[in-house]
There are 2 protein chains.
Amino acid sequence: MTGDTPEQNVKKLAGLIKGVKVAMLTTRCPDGSLRSRPMLTQEADFDGTLWFFTRAQAPKVGEVERHEQVNVSYAAPEDERYVSVSGTARLVRDPRKIKELWNPAYKAWFPQGLDDPELALLRVEAERAEY
Amino acid sequence: MTGDTPEQNVKKLAGLIKGVKVAMLTTRCPDGSLRSRPMLTQEADFDGTLWFFTRAQAPKVGEVERHEQVNVSYAAPEDERYVSVSGTARLVRDPRKIKELWNPAYKAWFPQGLDDPELALLRVEAERAEY
C-alpha cells in the first residue's frame, strides 16, 4: 500500500479480496500465543473496514477485547492471491448494522438468524495491507 | 487436538495440512500489530515441527526473534479445510538441514539455490492446532 492515494489503495485491496469467501482471523491470546480461525467474509465491497459475524461470547471476542490488534488473511490458492490485512478489531452489537449485513445463507452458522441474542459483529479497521 | 494421543493428533494434523502448498505465517511486529505473509510449505510429512525457507535477513526473522510466538494457517477452500497452528518459531542456519529440505523448485524464490548465503530456515514447533 505505497505510492498510491488511500482511495486507490482501498480500491486495489477491495479487488484483491473480492470473491474470497473465508478469511483467517488471527488474534493474540492472553498467554501471548497467536490463534486463527476461519471467518465468513461479506459480499459488500471493502471500503477500509471489514465486518464479520460472530457470537458475542465467542473466545475470539474476549481475545480482541484484551488485544485489539488482529490480522485478517485471504488466501486464493487457485490464482496465487495472498493478502494480509493488519488492523484493530472491536465488537459491534448495533442491530441496524447486523440487519444491514445479514444474509440468509448465514443461517447455517446462526440457525436463529436475526433473533439470535448472541448474534454480533466484529468490526476490523484495516491499518496496513500487504500482498 | 483433544482426546487423542499426541501421536494421533500429529497424524491427524499431518493429513489435514497435506497438499496445502502455501501457508500464511502470522508474526507480531514490534508495534504490536499482527502481520502475515505466504510461506511455501514442505512436502515432507508433518511430525510436529514445521519448516519454511526464508532469507536470514527478512523482516519476519527479526519479528520472531522478538516474539517467538507465531501462527501458521492453512486454507484449502476447495474442500473447506482451515487449520490454525500456534507455535514458536526460530531461525535455523544448519546447512545440513537446509540441504535435506531443499527442492530445486524453490529456485523461483531463491535463484542462487543452496549457494545463497542468505538461505535459511524457520523452524516452527507446533504447540496447539485447531480445525
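The values are calculated or read from the model by the stated rules, or taken from the named source; none is laboratory data. Keep in mind that this is a model prediction, so the values were computed, not measured. Cβ sites come from the backbone with ideal geometry, for glycine too, and all protein chains shown count toward neighbours. Just so you know, the surface numbers come from the protein's heavy atoms only, side chains and all, with ligands and any DNA or RNA stripped out. Shrake-Rupley method; radii C 1.70, N 1.55, O 1.52, S 1.80 Å.
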Review point. Taking region A:81-91 as the region of interest, how many residues are touching a residue at least 40 places away in the same chain (Cβ under 8 Å) and within 18 Å of A:D47 (Cβ to Cβ)?
Key: 5
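Open to solvent by less than 70 Å² (accessible area, probe 1.4 Å), more than 15 Å from the chain's Cα centre (by Cα) and not acidic (D, E): does that describe B:T5? Walk me through how you get there before you give the answer.
Values: open to solvent by less than 70 Å² (accessible area, probe 1.4 Å): yes; more than 15 Å from the chain's Cα centre (by Cα): yes; not acidic (D, E): yes.
Answer is yes for this residue.
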Point to revise | Enumeration of residues in region A:29-41 that are under 15 Å from the mean Cα position of the chain (by Cα) and either within 8 Å of chain B (Cβ to nearest Cβ) or open to solvent by 40 Å² or more (accessible area, probe 1.4 Å) (or both) | key: A:R35, A:S36, A:R37, A:P38, A:L40
Check your understanding: Taking region B:44-70 only, how many residues are within 14 Å of chain A (Cβ to nearest Cβ) and of a type outside the set (A, V, I, L, M, F, W, C)?
Key -> 7
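Within region B:98-121, is even one residue assigned to a loop (DSSP other than H, G, I, E, B), within 14 Å of chain A (Cβ to nearest Cβ), within 16 Å of B:M24 (Cα to Cα) and out of contact with any Lys or Arg (no Cβ under 7 Å at 6 or more places or on another chain)?
Applying the first criterion (assigned to a loop (DSSP other than H, G, I, E, B)) to region B:98-121 yields B:102-103, B:109-112, B:116-118.
Restricting the remaining residues to those that are within 14 Å of chain A (Cβ to nearest Cβ) gives B:109.
Keeping just the survivors that are within 16 Å of B:M24 (Cα to Cα) gives none.
The answer is no; no qualifying residue exists.
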**Study point:** Verdict on B:E78 being over 16 Å from B:Q42 (Cα atoms), open to solvent by 40 Å² or more (accessible area, probe 1.4 Å) and in a helix (DSSP H, G or I)
**Key:** yes
Review point. Out of the residues in region A:81-97 that are charged (D, E, K, R) and in contact with a strand residue (DSSP E or B) (Cβ under 8 Å, 6 or more places away or on another chain), which is nearest to the other protein chains (Cβ to nearest Cβ)?
Key: A:R81
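Pick from B:V61, B:V83, B:V92: which is under 30 Å from B:D4 (Cα atoms) and open to solvent by less than 40 Å² (accessible area, probe 1.4 Å)? Walk me through how you get there before you give the answer.
Details: B:V61 fails: under 30 Å from B:D4 (Cα atoms); B:V92 fails: under 30 Å from B:D4 (Cα atoms).
Result of the check over B:V61, B:V83, B:V92: B:V83.
B:E43 - would you say it is of a type in the set (D, E, K, R) and closer than 17 Å to B:A126 by Cβ? Give the derivation first.
Numbers: of a type in the set (D, E, K, R): yes; closer than 17 Å to B:A126 by Cβ: no.
No: the conditions fail for B:E43.
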Review point. Within region B:112-128, is there a residue that is among the hydrophobic types (A, V, I, L, M, F, W, C), open to solvent by 20 Å² or more (accessible area, probe 1.4 Å) and touching a residue at least 40 places away in the same chain (Cβ under 8 Å)?
Key: yes
